[in-house]
1. Under the condition of being assigned to a loop (DSSP other than H, G, I, E, B) and either in contact with a strand residue (DSSP E or B) (Cβ under 7 Å, 6 or more places away or on another chain) or acidic (Asp, Glu) (or both), which residue from region 266-293 is most open to solvent (accessible area, probe 1.4 Å)?
2. Return the only residue of 92, 20, 70 being farther than 25 Å from residue 190 by Cβ, crowded, with 17+ Cβ neighbours inside 10 Å, within 21 Å of the chain's Cα centre (by Cα) and of a type in the set (Gly, Ala, Ser).
3. Looking only at residues that are among the small types (Gly, Ala, Ser) and at positive phi in region 343-360, which one is most open to solvent (accessible area, probe 1.4 Å)?
4. Tell me, yes or no, whether region 80-87 has at least one residue that is of a type in the set (S, T, N, Q), under 25 Å from residue 286 (Cβ atoms) and either without any contact (Cβ under 8 Å) to a residue 12 or more places away in the chain or in contact with a Pro (Cβ under 8 Å, 6 or more places away or on another chain) (or both).
5. Does residue 245 count as closer than 20 Å to residue 130 by Cβ, in contact (Cβ under 8 Å) with a residue 40 or more places away in the chain and not in a strand (DSSP E or B)?
6. Just one of (1) assigned to a helix (DSSP H, G or I); (2) among the hydrophobic types (A, V, I, L, M, F, W, C); (3) in contact with a strand residue (DSSP E or B) (Cβ under 8 Å, 6 or more places away or on another chain) trips up residue 223, so point out which.
7. Exactly one of these conditions fails for residue 52: (1) under 20 Å from the mean Cα position of the chain (by Cα); (2) open to solvent by 10 Å² or more (accessible area, probe 1.4 Å); (3) not basic (Lys, Arg). Give me its number.
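The values are calculated or read from the model by the stated rules, or taken from the named source; none is laboratory data. Keep in mind that what you see is a predicted model, and the values were worked out from it rather than measured. Note that we place each Cβ from the backbone using ideal geometry, even for glycine, and neighbour counts take in every protein chain shown. For accessibility, only protein heavy atoms count, side chains too; no ligands or nucleic acids. Shrake-Rupley method; radii C 1.70, N 1.55, O 1.52, S 1.80 Å.
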Amino acid sequence: MFSKILIANRGEVAVRIIRACKEMGIETVAVYSEADQNSLPVALADERICIGSNAAADSYLNQKNIISAALASNAEAIHPGYGFLSENPEFAALCEEKGIIFIGPGSNVLRAMGDKDNSRQLMKEIGVPVVPGTEILHDPAEAKRLAAGIGYPILVKATAGGGGKGIRVVEREENLEHAFLAASEEAKSAFGNGDVFLEKYLTSVRHVEMQVLADAFGNIVCLGERDCSLQLNKQKVLEETPCPVMTEDIRKRMMDAAVKAAKAANYVNAGTVEFLLAPDGNFYFIEMNTRLQVEHPITEEISDVDIVKWQIRIACQIPLDFTQEDIHLHGHSMECRINARSTGQVDFLHIPGGSRVHFDTALVQDCLIVPFYDSMIGKLIVYAKTREDAIRKMEAALCEMVIHGIHTNIEDQLRLVRNPRFQKGDY
């Protein structure tokens with residue numbers, strides 16, 4: 001087992017990884033920007049190293065400084081969390097070159113599966129259904145010709161990156177050229193790659209993802225699905241498991257497809273295979289997230305598997321000590337993402353409690369919410385035996401949560417869980 005791990009991230013995910021390491025007897029190194037010098041992960045880690053100024057490009061995306069910090073602290077491995085460099089093949093390759101273990105899949109897998117066009121082609125080859133679409137397109141005229149055959153509405157979609165960037169919905173042909181150029185430019189700015197392709201824009205579908213764990217010995221286990229359909233500006237807002245409309249037949253087929261996808265990609269570590277689930281029970285591969293997901297805690301709740309600890313064990317060449325037959329999914333869990341709508345000081349903080357209620361966060365009393373990073377400041381997670389009980393528990397927890405000094409989306413989440421359509425699972 002590793003003796004020391006560097007966490008190349010910040011906020012609640014850095015806290016999550018540090019806690020897992022403490023429970024495993026592993027020392028931790030927190031890297032931080034100048035803006036985060038008084039943050040909770042910096043306080044909790046055994047060692048701490050400043051890697052740059054406030055901007056992410058100068059700190060959490062500064063590969064050279066992070067590698068230098070790992071070498072200076074004698075860390076054997078780097079856990080990238082999610083976001084920042086977690087799916088960056090160049091960073092994983094740099095870790096490999098320097099003899100540092102990257103806790104995630106290898107750089108070749110990151111490169112292959114991070115390219116949505118490449119991953120689509122691989123899924124086609126192995127018989128996993130994909131959304132009807134095209135290969136990489138190079139100009140709007142070519143896009144218009146092929147879009148006519150697919151039919152509108154259509155998605156213009158970047159091959160690189162994620163988080164809703166580089167995606168445009170096009171309802172009519174006259175809007176396609178502008179959307180094509182805008183998506184390409186946004187993707188190039190965000191990910192350094194402006195390649196885009198077209199996909200049929202499917203309506204009345206659910207965004208359902210399957211969590212897999214794969215070790216270096218060919219063992220792959222699927223831990224069930226998460227429904228991530230509730231989104232704002234293509235960013236997930238509330239996730240739950242199991243999916244309210246999932247049947248045993250669809251689950252079995254989708255889990256088999258996820259394992260098949262991971263096997264074809266020679267995948268090792270934790271990963272998520274994302275699908276669109278249509279009302280008729282058909283589903284379509286959209287992409288594979290080659291990292292820990294924000295919403296992983298709800299899967300941990302219903303599977304009793306600690307995904308972060310298994311990421312670390314797998315990176316340390318330890319085989320899974322359970323099989324698919326050992327996984328017994330139970331109960332219902334959901335997560336509300338709590339986002340800041342303003343910056344400033346948290347001058348009063350009350351975190352809800354109770355049985356199977358927890359708040360993954362790096363917030364502490366009087367901490368500062370800075371404007372340089374993602375707006376998510378925590379994840380409220382509940383577990384209950386039934387979906388109805390989970391909804392009631394989430395409503396009670398949201399009512400109890402108090403974060404004063406900044407504006408948040410807590411009231412929006414309350415309206416969501418109280419919505420009759422959500423409560424019926426009809427969304």
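1. Within region 266-293, the first condition is being assigned to a loop (DSSP other than H, G, I, E, B), and the residues that meet it are 266-268, 278-282, 290-293.
Now drop any that are not either in contact with a strand residue (DSSP E or B) (Cβ under 7 Å, 6 or more places away or on another chain) or acidic (Asp, Glu) (or both), which leaves 267-268, 280, 290, 292-293.
Details: 267: 8, 268: 46, 280: 109, 290: 2, 292: 3, 293: 4 Å².
Among them, the one singled out is 280.
2. 20
3. 354
4. yes
5. no
6. Among (1) assigned to a helix (DSSP H, G or I); (2) among the hydrophobic types (A, V, I, L, M, F, W, C); (3) in contact with a strand residue (DSSP E or B) (Cβ under 8 Å, 6 or more places away or on another chain), residue 223 violates only (1).
7. In the conditions (1) under 20 Å from the mean Cα position of the chain (by Cα); (2) open to solvent by 10 Å² or more (accessible area, probe 1.4 Å); (3) not basic (Lys, Arg), residue 52 misses (1) alone.
Okay, residues lined up against (1) in contact with a Phe, Trp or Tyr (Cβ under 9 Å, 6 or more places away or on another chain); (2) open to solvent by less than 50 Å² (accessible area, probe 1.4 Å):
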site: 362; (1), (2): no, yes
site: 378; (1), (2): yes, yes
site: 396; (1), (2): no, no
site: 402; (1), (2): yes, yes
